[in-house]
Amino acid sequence: MTDSPGTTARRLIRAADRAVLATLLVRHAHAGWPYGSLVLVATDHDLSPLLLISQLADHTKNIARDARVSLLFDGTGGAVDPLTAARVSLLGRIAPEPAAGPRARFLARHPSAESYAGFGDFGLWRVAIEAAHLVAGFGRIHWLSAVQIAPPAPPPGLVAAEPDITAHMNADHADALDLYAQRLLGRAGAGWRMTGIDAEGCDLRREGEVARLDFAAPVDGPDAARAELVRLVKAARG
């Protein structure tokens, strides 16, 4: 069965670890022009994109004047004809994110960012999604509202248990993570780690490569998540 446009967009966003951020230039000879820049991105449990950016960067100066942004997520990598593959542009408003949980989620997704995350000019920002434009191939073009791409409500118990689940999987079940990546996702190599888990799936990373493992159905808490992880191991071995 073909995924709904909202599900297709959400899965593409969850799977990405980078995006093109579009802002409006300020303090420049071309003030007011669109300005695109490459940024690292993670997503929170509610799908909000999270960015760790420097106050010294042009895009950060731009959003201080105008909080409206767009993020382009490109899912066309590896496609013989990129125009037949999916990409999605998010529209939203960006604001500082002071909470510790989203920051930890970003740094788990991007461990290399630990080397500069503590610098005084860097801060975490959250994009509140207002709309999305999905192009998933010829004839599959959709404007979507924030509601249409929203995931199930994040289970509070799973949000709280995420650090323990990921630490346990990385410490005690590294072989299972490699099975997920190799046999269920067709990825090469060993040494995969889990960087995050949410109601619809989990995020994996190996050096500079990331992968997304979707669950068969959304889970409603830590126990259901553990049961799904066990089921996926059996599926990989079978």
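The values are calculated or read from the model by the stated rules, or taken from the named source; none is laboratory data. The structure presented is a predicted model; accordingly, all values stated were derived computationally and were not measured. Neighbour counts are summed over all protein chains in view; Cβ atoms, including those assigned to glycine, are modelled from backbone coordinates with ideal geometry.
Just a few scattered comments:
- Being outside the structural domain of L90 (by TED's automatic domain parsing), assigned to a strand (DSSP E or B), of a type outside the set (A, V, I, L, M, F, W, C) and touching a residue at least 60 places away in the same chain (Cβ under 8 Å) is not true of R226.
- A86 being surrounded by fewer than 13 Cβ atoms within 10 Å (Cβ to Cβ) and within 28 Å of A153 (Cβ to Cβ): no
- Matching entry among D175, D214 (being surrounded by fewer than 19 Cβ atoms within 10 Å (Cβ to Cβ), free of Cβ contacts under 8 Å to residues at least 24 places away in the same chain, charged (D, E, K, R) and within 18 Å of A235 (Cα to Cα)): D175
- In region 108-129, the residues that are within 27 Å of P151 (Cβ to Cβ) form Cβ pairs under 8 Å with partners that are among the basic types (K, R), at six or more places apart or across chains, as follows: R109/R205; P111/R205; A117/R103; L124/R103; V127/R93; A128/R93.
- Long-range neighbours under 6 Å by Cβ, at least six apart or interchain, first residue farther than 15 Å from E228 by Cα within region 181-201, second among the charged types (D, E, K, R) and surrounded by fewer than 21 Cβ atoms within 10 Å (Cβ to Cβ): A181/R187; G189/R206; A190/D178; G191/R206; W192/D178; W192/R206; T195/R109
- Candidates are the residues of region 18-42 that are of a type in the set (A, V, I, L, M, F, W, C) and loosely packed, with under 14 Cβ neighbours inside 10 Å; the one that is modelled with the highest pLDDT is L38.
- Taken together, G157, G139 contain a single residue that is under 28 Å from M194 (Cβ atoms) and surrounded by fewer than 17 Cβ atoms within 10 Å (Cβ to Cβ), which is G157.
- Enumeration of residues in region 136-160 that are in a helix (DSSP H, G or I) and touching a Lys or Arg at 6+ places or on another chain (Cβ under 9 Å): I149
- Residue match in region 204-215 (condition: assigned to a loop (DSSP other than H, G, I, E, B) and either in contact with a Phe, Trp or Tyr (Cβ under 8 Å, 6 or more places away or on another chain) or farther than 30 Å from I63 by Cβ (or both)): yes
- On inspection, D81 qualifies as of a type in the set (D, E) and over 15 Å from the mean Cα position of the chain (by Cα).
- From A57, A15, residue being among the aliphatic types (A, V, I, L, M), modelled with pLDDT of 95 or more and under 26 Å from R140 (Cβ atoms): A15
- Every residue from region 39-65 that is closer than 17 Å to A128 by Cβ and part of a loop (DSSP other than H, G, I, E, B): V41, D44, H45, D46, L47, S48
Yes/no per residue for (1) farther than 22 Å from A146 by Cα; (2) outside the structural domain of P218 (by TED's automatic domain parsing); (3) small (G, A, S):
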| position | (1), (2), (3) |
| --- | --- |
| H30 | yes, yes, no |
| D46 | no, yes, no |
| S70 | no, yes, yes |
| A79 | yes, yes, yes |
| G92 | no, yes, yes |
| P102 | no, yes, no |
| R105 | no, yes, no |
